[in-house]
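The values are calculated or read from the model by the stated rules, or taken from the named source; none is laboratory data. These numbers come from a predicted model, not from an experiment. Counting neighbours? That spans all protein chains shown, and the Cβs are built from the backbone with ideal geometry, glycine included. Just the protein is used for accessible areas: all its heavy atoms, side chains included, with ligands, DNA and RNA removed. Shrake-Rupley method; radii C 1.70, N 1.55, O 1.52, S 1.80 Å.
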Amino acid sequence: MIYFDQAASSFPKPPEVAQAVAEAINEVAANPGRGSHKLARQAAEIIVQTRAITARLFGCSDPNKVLFFPNASAALNQAIKGLSWHAGDHVISTSFEHNSIRRPLEYLKQTKGVDVTYIDYTGDEQAWLSDIHASIKENTKLIAFTHASNVTGTVLPLEAVTKLAREKHITTLVDASQTAGHLAIDMQAQGIDMLAFPGHKGLLGPQGTGMLLVEGDVTLTPLIHGGTGRFSEHPDQPDVWPEKFESGTLNTPGIAGLLAALKIYEKRKTEHVPRETILAQTLAKGLKTIRTVKCYHPPIEAMQLPIVAFNVARISSQEIAMILDSHYDIAVRAGLHCSPLAHQTLATTEQGIVRASLGPFNTEQEVDRFLQAIEEIAAAYQQL
């Protein structure tokens with residue numbers, strides 16, 4: 001199979017990741033922080049090391065504020081719902097948001113009376129930043145936005161937003177689900193207050209791993225209460241990071257795999273343009289030569305992520321994906337990609353979009369085969 005659905009979940013994983021998961025299951029398999037015996041200490045050390053390397057790689061000053069969650073959605077929910085909200089508080093977000101930001105914000109609207117403004121992004125950075133500036137109110141409490149669209153791969157001007165937020169004393173939350181592992185991120189240097197991302201996409205780690213990193217004095221209330229290993233004598237949830245937010249047993253095998261993936265990422269972090277992005281640029285150039293194909297990704301010279309979004313004529317994106325899967329053994333993602341506001345902006349709500357997303361193990365030959373498949377599909381529909 002040609003797997004071009006890396007933006008949903010990376011595949012295959014590096015061998016080191018699978019090995020680390022297996023070793024954690026077969027050789028450690030104890031509960032970190034719940035015991036003083038050797039295996040419990042070994043499990044705890046995996047957790048400590050993963051916090052430390054994550055803090056180093058993403059510019060978080062305090063490893064204890066590197067929090068583990070089952071996925072980025074859970075991390076984003078903690079970041080958003082964990083703030084103190086009152087009726088009339090205001091949030092600014094974007095039309096590119098995944099439902100993992102939009103739905104928690106809509107929940108706050110319904111349950112807390114919070115006002116939410118979604119700013120359309122159409123490619124004009126200055127106009128978009130002006131719209132954000134104009135939308136800021138005295139009671140604007142949070143700017144929550146994706147670092148890059150999971151639909152088109154468009155990268156938003158992160159530092160311009162965080163600079164504006166700092167000037168206005170507004171907390172920022174950045175969803176790096178598509179950029180972590182592809183683009184360098186430094187919370188301190190870029191002025192990010194909260195950063196969320198999964199382990200299983202660009203970082204090439206296991207599913208079931210996600211992280212929330214907090215920089216500075218952001219105050220959060222935990223969404224989950226329960227056993228934390230330490231402070232068992234207290235009836236209340238401990239007020240100490242990270243235990244305050246990590247009730248229950250952590251996914252030690254998954255985190256062990258994530259640790260291995262982060263070590264690999266640390267070695268390739270210095271790549272100016274990852275090879276998968278170069279491959280995606282080649283794919284995008286090829287698609288532009290097919291007359292009935294319409295592309296939605298950024299200009300090729302501006303592409304920073306290995307995501308190519310397109311449609312073929314007026315054919316349903318789901319139908320194109322089904323044909324690629326059943327006739328060519330090619331996996332892509334089609335539909336609305338859990339980001340309906342983005343499709344409203346792109347006027348693709350009815351048709352959806354075909355998204356091809358590449359990873360470091362994809363090849364030039366696979367790109368050539370993909371382009372040939374799209375050419376054949378487009379030609380076949382022209383004859384109907």
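When the Cα positions of I224, Q237, A321 are compared along the charge dipole of region 213-327, A321 comes out farthest toward the positive end, with charges on each C-beta of Lys, Arg, Asp and Glu.
Global size of region 198-273: 15.5, 51 Å for Rg and Dmax (C-alpha atoms, Rg to one decimal, Dmax whole). Here the ratio of the Cα radius of gyration of region 72-219 to 2.2 N^0.38 Å is 0.97. Helical runs assigned H by DSSP (4 residues or longer) give the chain a calculated mean residue ellipticity at 222 nm of -12000 deg cm²/dmol, each run adding -39500 (n - 2.57) before division by the residue total.
Let me make sure I get this right: for the chain, a, b and c are the square roots of the gyration tensor eigenvalues over alpha carbons, sorted descending. Under 1.5 in a/c it's rounded, otherwise prolate if a/b > b/c, else oblate. Which is it? Oblate, because a/c is 1.5 or more while a/b does not exceed b/c.
For region 274-375, what is the per residue volume of the convex hull drawn over the alpha-carbon atoms, in cubic angstrom?
Considering the Cα atoms of region 274-375, their hull volume per residue is 97 Å³.
Take the Cα radius of gyration of region 146-239 and divide it by 2.2 N^0.38 Å, N being the number of residues; the result is 1.29. Relative contact order, whole percent, for region 1-149 stands at 17, derived from Cα pairs under 8 Å and 6 or more residues apart. Once the 1.4 Å probe is applied to the protein heavy atoms, region 277-384 comes out at 47 Å² accessible per residue. Among the listed pairs K81/K269; K13/K288; K112/K137, a Cα-Cα separation exceeding 27 Å is found for K81/K269; K13/K288. For region 103-218, the fraction of 1.4 Å probe accessible surface lying on carbon and sulfur atoms is 43 percent.
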